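Here's the structure we're looking at; comments come further down.
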Amino acid sequence: MARATRRLSARKVETIAKPGYHADGEGLYLVVDASGARRWAFIYHSRGKRREMGLGRMGLKEAREAAEDVRRQIRKGIDPIAARRDSRAANAAIPTFEAIAAEVTADAQAKSTNDKVRYQWELLLGPRYCGSILQKPISEITTLDVERILRPVWRNKPETCRKLLVRLRRVFDYARVHLRDRNGIVMPNNPAAWQDLRDRGFERISKLSRGRQAALDYPKTPEFLAALRQRQGIAGRALEVTLLTGLRTGEVIGARWAEIDLEKKIWVIPPERLKDRKTRAEPHRVPLSPQVVAILKALPRLGEFVFAGLKPSKSLSNMAMRGLLKDMNRDESGKPRWVDPKSGRPVTPHGLRATFRTWGEDVGFPRDLLEESLGHQIGTAVERAYRRTDGFDRRQAIMHAWANFCDGKRVGTVALPSFSVKITR
């Protein structure tokens, strides 16, 4: 290919009006259509045939750089048009971040019984946080792309950011195997790898955790419960049951009527609905205090769920109790009425479990019974193999005493089989 002097200038490219092909040299042409529209083309010969490769609309400098890339391919014996076609076909076959994230999300949701966790997978890997990379081929995403996603929430929402980073890593690890086995493409590293993010100035992950859930100071529990009972609606009753039973919020909102026997005052939560379901085969038996029984008897039965959502076929949203607590926890000045005495943060629904646990510890109830009441497994695997009781009868007395304490009632001596403690207020 004979080398010719570059004929066009930036000024001429902008002002030339005559339709046709205007040579810059070495195969590069500015094409002016009858409408006046301009585009660039590269003309070359392959196997005795004239080939024209469109380069698109761009400036003169960019067009010359694109033309030089084409010339390099020709010198190597590569047909640039065929190479571009193959590249586009390969890129079309490579899944986007959105496609891979959808597969990872579906798998995670299938393994979880927690509505909040299932919702978080969709939220964190969706448009709200990952909008900038959703349509990008997964193999083209870089650490800088991940950094741009994390930076806006790294300081303001540290716990959200921690969860987002964990999920991003999961997606890219999944994509690495996907591309290797389905596309024959090697993905050399994980764009969300901590080492690379650390080099970009991010702090250690451990510093992002918000730590313990904010708990109510238990002497203020009667005041809190009295205020809660002023709130109407299903979310208020769900939060009341959460406080009086010491259960996790997910266990409460997912409650089915079939699990509860109001006559025997017992609630049996099956293993598949428990947080430790992977290592637990037996259900969690929950003794019901008279106060909880009264709450449940007053609820309408609209379907299988005890705390039904907007649709009877769905349970109450996980955010309902949190929203209610946030709303009722504002005083006239806008400051929170109930805060964790140690952290100073507003109390959370899950933190009420710690309120019960602290009360029980200070009162002097046995540790194992308190842990069992919270649904925790007691001891090592060997200890559990020999421990064949869940202390239901003794836990029943503890939960009755807790409900009475929350009600503001004076509680005398609580007798447990082979054990007794005196409660004072």
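The values are calculated or read from the model by the stated rules, or taken from the named source; none is laboratory data. Because the structure is predicted, anything quoted here is derived from the model rather than measured. Cβ placement follows ideal geometry from the backbone for every residue including glycine, while neighbour counts extend to all protein chains displayed. Keep in mind that these areas ignore ligands, DNA and RNA; they rest on the heavy atoms of the full protein, side chains included. Shrake-Rupley method; radii C 1.70, N 1.55, O 1.52, S 1.80 Å.
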Note on Lys311: of the conditions (1) of a type in the set (Lys, Arg); (2) under 22 Å from the mean Cα position of the chain (by Cα); (3) over 26 Å from Ile378 (Cα atoms), unmet is (2)
When restricted to Ala227, Ala214, the only residue open to solvent by less than 70 Å² (accessible area, probe 1.4 Å) and outside any loop (DSSP other than H, G, I, E, B) is Ala227
Selection from region 146-185 of residues without any contact (Cβ under 8 Å) to a residue 12 or more places away in the chain, in a helix (DSSP H, G or I) and more than 13 Å from the chain's Cα centre (by Cα) yields Arg151, Pro152, Val177, Arg180, Asp181, Arg182
Of those in region 122-145 that are within 24 Å of Met319 (Cα to Cα) and open to solvent by less than 20 Å² (accessible area, probe 1.4 Å), the residue farthest from the chain's Cα centre (by Cα) is Cys130
If we keep only residues of region 377-403 that are more than 14 Å from Thr245 (Cβ to Cβ) and modelled with pLDDT of 80 or more, then the residue surrounded by the most Cβ atoms within 10 Å (Cβ to Cβ) is Arg394
Does region 106-116 include one or more residues that are open to solvent by 70 Å² or more (accessible area, probe 1.4 Å) and at pLDDT 90 or above? no
Val293 fails exactly one of (1) open to solvent by less than 40 Å² (accessible area, probe 1.4 Å); (2) farther than 21 Å from Arg256 by Cβ; (3) free of Cβ contacts under 8 Å to residues at least 40 places away in the same chain, namely (2)
Considering region 267-286, residues that are open to solvent by 30 Å² or more (accessible area, probe 1.4 Å) and among the aliphatic types (A, V, I, L, M), and then whichever is nearest to Ile378 (Cα to Cα), we arrive at Ala281
When you check Ala258 against the structure, is it in contact with a Phe, Trp or Tyr (Cβ under 7 Å, 6 or more places away or on another chain), part of a helix (DSSP H, G or I) and touching a residue at least 12 places away in the same chain (Cβ under 8 Å), yes or no?
no
Being open to solvent by 100 Å² or more (accessible area, probe 1.4 Å), of a type in the set (D, E, K, R) and closer than 27 Å to Ala83 by Cβ narrows Arg11, Arg38, Arg6 down to just Arg6
Conditions (1) crowded, with 16+ Cβ neighbours inside 10 Å; (2) under 24 Å from Ser132 (Cβ atoms); (3) of a type in the set (A, V, I, L, M, F, W, C) -> Ala66 fails only (2)
Flagged pairs (Cβ under 8 angstrom, 6 or more apart or on separate chains; first in region 362-386, charged (D, E, K, R); second at pLDDT 90 or above) are Asp362/Tyr218; Arg367/Glu361; Glu372/Arg395
(Q) I'd like to know if region 237-250 contains one or more residues that are open to solvent by 50 Å² or more (accessible area, probe 1.4 Å), in contact (Cβ under 8 Å) with a residue 24 or more places away in the chain and closer than 29 Å to Val268 by Cα. (A) no
